[in-house]
Amino acid sequence: MPPSIHPVQLISVLRLKSLTPAIIFLTSRRSCDEALQSFGQGGVSISPARREGITAVLEELTVEYPSIQDHPLREIVTTYGVAAHHAGHLPSWKIAVEELMRRGCLDAVFATTTLAAGVDFPARTVVLTQSGVRRDQDFTDLSVAEVGQIAGRAGRRGKDSVGFAIVTPSPYMDLGVLVRGLTGRPEPLDSQFVISYPMVLNLLKAHPVDHIQSILAKSFAQYQLNEQAERLESRHEKIHDKLVSYAPRECSDWLTQWNAYDHATRQAAQKLHARRHVPPEVSERLPYLTPGRLVTFPRFRGVVLRSYRSRGQHRDMVTVLRNGGTVAESAVADITSVGSRCFDFTPAPAFPWANQETLAWLNQQLESLPKQSPAMVMSPVIPEESGDDLVKSLGDLFPCPTCRCRPTCAKEFNAANKLKQEALHNARSVQSLRTGLWHKFQERADTLHELGYLDAGYKLTSDGDWARLIRIDYSLLITELIRAHAFNGVSPPVLAGLMASISYDNDRPSSFPRITAALAALVTVARRMADALAVHDDPPLLRADVGGLAEQWVGDPTITWPQLCRGTSAAEGDVYRILSRTLEYLSQIHSLHATHAELGAVAAQAMDRIRRGVLEELP
Amino acid sequence: MTRNDLERALAELPFRLLRRLARSTVGPHILRSGKRRMIHAILAVSETNPERIDAAIRTARAEQQAIEAVPAIVPDADAAQKNKPVDLGTFLEGLGVPEPKPFVPDPWQLEALDALLQGDVIVSVPTGSGKTYVAVEATRRAMMEDRTVVYTSPLKALSNTKFTEFKKIFGPESVGILTGDRRDNPQAPILIMTTEILRNLLYDAAGGEIDLRLDTLGLVILDESQFLADPERGVVWEETIIFCPSQARLLLLSASIGNPQELAAWLTSIRPYPCHLVRHQHRSVPLRAGYLHPSGKLTPLFRTVSMPPSPSQAVLHPEAKRLFTQYEEDTLHTRRSG
Ligand SMILES: Nc1ncnc2c1ncn2[C@@H]1O[C@H](COP(=O)(O)OP(=O)(O)OP(=O)(O)O)[C@@H](O)[C@H]1O
Ligand SMILES: [Mg+2]
């Protein structure tokens, strides 16, 4: 069995059951195009009357959108009554497909989910073939809202009594996601408020700094943060009530008191525990292992340089100078005998615990010792303090051991302390929720001050006054380039090229025309600037190759749209989008004409030259 | 079923269904005859193939019940539906073009228009319900009061469609469009924009630039306002709402807001007038879900004809479930071997 239904068969089933017109949602542009092409082999052509209908509508639209005239997909659309609709197409072609659909000329349109929201493009049936969508590099599940928008295209008011959403499986489809999407409620909207540099400049242009906090407080972000803070606060109150229920105690702050006491007891117990585990032969040696003491191990003899307790395992250790001159770390437990000899030397505070001269001297002493040297006679071990005594000794510091609340405190401390910690955490969160936006604003404003767009009182400087007009992504990069005179003497094609490469944020690989040395140089300058600004703002991809496309279109007025598109592997729709984004960026630069007349004029020229052919035919 | 039972059952069927039954069992020629002749012809066929007639009557009855169940929920039919999974015939029943009806605005559309007289409005109703009607009528009213109207959408494609649509309704001279790279008739009383452009105009005005269009602004329509939660562009919707002049009404339209109440409460908290929420979940054209197997077999996706009201109540149709399980097993197999 095929992993998914063949498009031609799919459409014939839908036709048979009178479920057309239909929109078939596919994962990628490529699958839409392939589905359409598959009609070339084995598709059933529509009646001549319907063909004429389609041709008539296309003719009508050609008046306004000449590029429809020779569109390569026209043939398939008129023969089989099916079309594709995705971002790889020109807007004019998409409008044509939408219009054909509205007039009921098509049986089916293969579309990507980009169609889903907002476009007035309904059908009797929608076919869902996937439960996920590609976002950046990942494949993520469709949200309930997205499935809702897709399924929502089904059933045209006034033209259908019923609409159908038909699921057809493909490998890796998760039916659960679609069932949830079809029957569930859309997700709640969450604020995505961010504070950008243009926002800071524009707010400070219009308002004194002491009004800013109250303006930010109007955002949905702050509204939601406040709601969250209120939830935390009401939880806080409940916690407080619960905590009160643990009282009364002898002492006013029993949690702190008990915590300190508990800590002290535990430490004492640990000490006790550690001491208890020292074998008697070790503890008996310990007092003698002073620096200079001669000790014997099974395989060697040595002089103690220092004695200590290992950090991890709490074992008693010595650093010894072995005969031969090496310094080694050894366990006290491994010592076979402690000598009566003790060499007198001055220990150093750090490794190797004595100066080189002393070490050489000690080594010499070691070498010259007779094979057998007398061992130490040990005195009996001092008796240990008992555990009870230790705990009792805490009684001098804490009232707890004798307090009547002690059992209750011991029992309730953990639960109550958890509540207290949560309360503290809540209080801190509430604080940061309430002031987070303002701090972010200050951070941005400080950067703008540092760069010279704002003065110390957060008022716009003359640079800030024009820079606020650049209200697009990467505004800081653009205004810094202007201030660095990077655009002095720039030509319209090069300016357009740079704006294209700043504005294009897609890393989908494609090949583009070569760029001129002038554009390459400017892109390099921009990249250096973007890197320098990276601490303040994420740098753009700055794809020089994309810039080449805009540069060519603006630089060579004789080049036609098909020629331009032939020079790149990017889809027509992408080329269009690159140029229209470039226009947007150029028009922002143009808005600076009052202060930057020359640059504004270059931008205007570039915009003029972009607007021709396909780019003029449309919005 | 005896012959007598069968005859009675046939006689009780609505004539429309009887005709369909006769045509499918006896043949199209029988349609010219009357009810009695039809019943007799069907009974004659039933002598040779009783199961077929029996099944056909049952399907016809189920369809009948489904039709009756559509306008008002009949408890019995509902119970029957719950017990027995819907069949394909019932599932596809009623498909087609409805009778043309004169345009009558829905109550929720009027409610939204009324509420706009008092303050801002959020309309949160399913896709294809007719949110545009509210936008158009509100625009018409604002025009009569000599007020400027701004319509914004997140997508250039949608802005263009609305530009064409509004020009048709209000005349080309009354409508302008402003996007990042296009301006057409920018001083017109009705302006179609991307939300970014409106935000920029509001900033310019706040910065001291005089803009008559904003002084007379009476209505701002934010279509597809779920974009407020867009990770990259959402902030622009917030800025627009925060800086929208207080004399202008805000009209937010969307089919995909999970928390319209929260949004309305926010607007109420920052705007001079309370925000009214118009919301319902009733689809004006009912939606049904089907499952199409790669073999070409179509079955309902759920046990019920209509869409289950929530995921917890969604029970898959046994046939869809069987086919999908089989599909998963098959593709798992080919995926492994391939
Ligand atoms: N009261 C009504 N009676 C009948 N048809 C209506 C009514 N109101 C609107 N319609 C029709 O419903 C169709 C869909 O309307 P519209 O495009 O406004 O939907 P929408 O709510 O904006 O949906 P979407 O969320 O997809 O944008 C239109 O063809 C419109 O003419
Ligand atoms: Mg709409």
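Bear in mind that the values in this text are calculations on the coordinates, not laboratory data. Treat the numbers as computed from the prediction; the structure is a model and nothing was measured. Cβ: placed from backbone, ideal geometry, glycine included. Neighbour counts: every protein chain shown.
3J(HN,Hα) couplings calculated from phi for segment B:305-321 with the Karplus curve 6.51 cos²θ - 1.76 cosθ + 1.60 (θ = phi - 60°) are, in sequence order, 5, 7, 5, x, x, 7, x, 5, 9, 7, 10, 5, 5, x, 5, 4, 5 Hz; Gly and Pro show x. Counting only other chain Cβ atoms within 10 Å of each residue's Cβ, the peptide A:133-146 averages 1.
Using only alpha carbons, segment A:7-183 has a radius of gyration to Kirkwood radius ratio (Rg to Rh) of 0.95.
Can you give me the relative contact order of chain A as a percent, contacts being Cα pairs under 8 Å and 6 or more apart?
Values: 825 pairs, mean separation 72.0, N = 619.
Value for chain A: 12 percent.
Here's the picture: charge each Lys and Arg Cβ at +1 and each Asp and Glu Cβ at -1 in segment A:280-368, and of A:PRO347, A:THR290, A:GLY312 the one pushed furthest to the positive end of that dipole is A:GLY312. Could you calculate the FRET efficiency of A:GLU250 with A:ASP396 from 1/(1 + (r/R0)^6), where r is the beta carbon distance between them and R0 is 30 Å, rounded to 0.05? The computed FRET efficiency comes out at 0.95.
Taking Cα centre as origin and charging only the Cβ of basic (Lys, Arg, +1) and acidic (Asp, Glu, -1) residues, the dipole magnitude of segment A:60-135 rounds to 380 debye.
Of all beta bridges that DSSP places with both ends in the protein assembly as shown, some 40 percent have antiparallel geometry.
State to the nearest 20 debye the size of the charge dipole of the protein assembly as shown about its Cα centre, where the only charges are +1 on K and R beta carbons and -1 on D and E beta carbons. Write out the running numbers ahead of the final one.
Details: 106 positive and 107 negative charges, 585 e Å.
The calculation lands at about 2800 debye.
Identify, among B:VAL285, B:SER254, B:VAL104, the residue whose Cα sits farthest towards the positive end of the charge dipole of the protein assembly as shown, taking +1 on the Cβ of Lys and Arg and -1 on the Cβ of Asp and Glu, with the dipole about the Cα centre. Of the listed residues, the answer is B:VAL285.
Here is how the number arises for the protein assembly as shown: DSSP H runs of 4 or more residues each give -39500 (n - 2.57), the sum is divided by the residue count, and the result at 222 nm is -15500 deg cm²/dmol.
Only residues of segment A:508-527 count here: report those whose backbone N is under 16 Å from the spot 7 Å along Cα→Cβ of A:SER28, or say none. Only A:508-511 fall inside the zone, counting backbone N under 16 Å. Amide hydrogen proximity for B:HIS317: with H placed 1.01 Å from N in the peptide plane, the residues at 5 or more positions away or on another chain lying under 5 Å are B:PHE302, B:ARG303. Does anyone have the angle between helix A:197-206 and the longest principal axis of chain A? Alpha-carbon axes, 0 to 90°, nearest 10? With rounding to tens, the tilt is 80 degrees. In order along segment A:348-361, the Karplus-derived 3J(HN,Hα) couplings, from 6.51 cos²θ - 1.76 cosθ + 1.60 at θ = phi - 60°, round to 9, x, 9, 3, x, 6, 7, 6, 4, 4, 4, 4, 4, 5 Hz, and Gly and Pro are given as x. With a cut-off of 11 Å between beta carbons, the residues surrounding A:THR79 carry a summed charge of +2, where Lys and Arg count +1 and Asp and Glu -1.
Across segment B:94-208, the relative contact order, built from alpha-carbon pairs under 8 Å that are at least six residues apart, equals 19 percent.
Is there a simple number for the mean count of other chain Cβ atoms within 10 Å of the Cβ of residues in B:202-209, and what is it? Don't skip to the answer; put the middle values down first.
Working: counts 2, 10, 7, 1, 5, 11, 2, 0.
Rounded to a whole number, the mean comes out at 5.
Axis angle, to the nearest 10 degrees, between helix B:195-206 and the longest C-alpha principal axis of chain B: 20 degrees.
Sorting A:604-616, A:404-416, A:20-32, B:123-135 by average packing, meaning the other beta carbons within 10 Å per residue, from highest down gives B:123-135, A:20-32, A:604-616, A:404-416.
Using θ = phi - 60° in the Karplus curve 6.51 cos²θ - 1.76 cosθ + 1.60, the 3J(HN,Hα) couplings for segment A:311-318 round to 5, x, 9, 6, 9, 7, 10, 10 Hz; x is entered for Gly and Pro.
Modelled this way, with points 7 Å down the Cα-to-C-beta line, the labels at A:THR435 and A:THR290 are 5.8 nm from one another. With just the Cα atoms defining each centre, how far is segment A:1-52 from segment A:492-527? Give it in Å. If we compute the Cα centre of each part, the gap is 40 Å.
For segment A:7-183, a crude dipole built from +1 on the beta carbon of Lys and Arg and -1 on the beta carbon of Asp and Glu, taken about the Cα centre, is about 520 debye to the nearest 20.
Of the residues B:THR299, A:THR62, A:ALA427, the one whose Cα sits farthest towards the positive end of the charge dipole of the protein assembly as shown is B:THR299 (charges of +1 on Lys and Arg Cβ, -1 on Asp and Glu Cβ, taken about the Cα centre). When only alpha carbons are used to place a centre, segment B:128-162 and segment A:86-150 end up 23 Å from one another. Remark on B:ARG288: its backbone amide H falls under 5 Å from those of A:GLY163, A:PHE164, A:ALA165, a criterion applied only to residues 5 or more positions apart or on other chains, H modelled at 1.01 Å from N. If R0 is taken as 56 Å, the Cβ-Cβ distance between A:ALA597 and A:ASP120 corresponds to a FRET efficiency of 0.85. Between helix A:91-102 and chain A there is an angle of about 70 degrees, using the helix long axis and the longest principal axis of the Cα atoms. Take the Cα of A:SER569, step 7 Å toward its Cβ, do the same at A:PHE139, and the gap between the two points is 2.2 nm. For chain B, the orientation-averaged shadow of the C-alpha convex hull comes to 26.0 nm² (one quarter of the hull surface).
Which value, in Å to one decimal place, does the Kirkwood hydrodynamic radius take for chain A when every pair of different Cα atoms is included? Write down the numbers at each step before the final one.
On the way: mean 1/r = 0.0302 Å⁻¹.
Answer for chain A: a Kirkwood hydrodynamic radius of 33.2 Å.
Legend: mean number of C-beta atoms from other chains within 10 angstrom of residue C-beta atoms, peptide B:253-266, equals 5.
Across all Cα pairs in segment B:107-279, the calculated P(r) in 10 Å bins from zero up to the longest distance comes to 10, 43, 39, 8, 0 percent per bin. Label sites at A:ARG508 and B:TYR133, each approximated as a point 7 angstrom past Cα along Cα to Cβ, lie 3.8 nm apart. Once the Cα-Cα distance is subtracted from the 0.36 nm per residue extended length, the A:LEU541 to A:ASP70 segment shows a gain of 166.1 nm.
At a threshold of 8 angstrom on Cα-Cα distance, excluding pairs fewer than six apart, so keeping six or more, what relative contact order does segment A:280-368 reach in percent?
Values: 160 pairs, mean separation 26.4, N = 89.
Result for segment A:280-368 is 30 percent.
Placing a label point 7 Å from the Cα of A:ASN417 along the Cα-to-Cβ direction, the residues of segment A:256-271 whose backbone N falls under 12 Å of that point are A:256-267.
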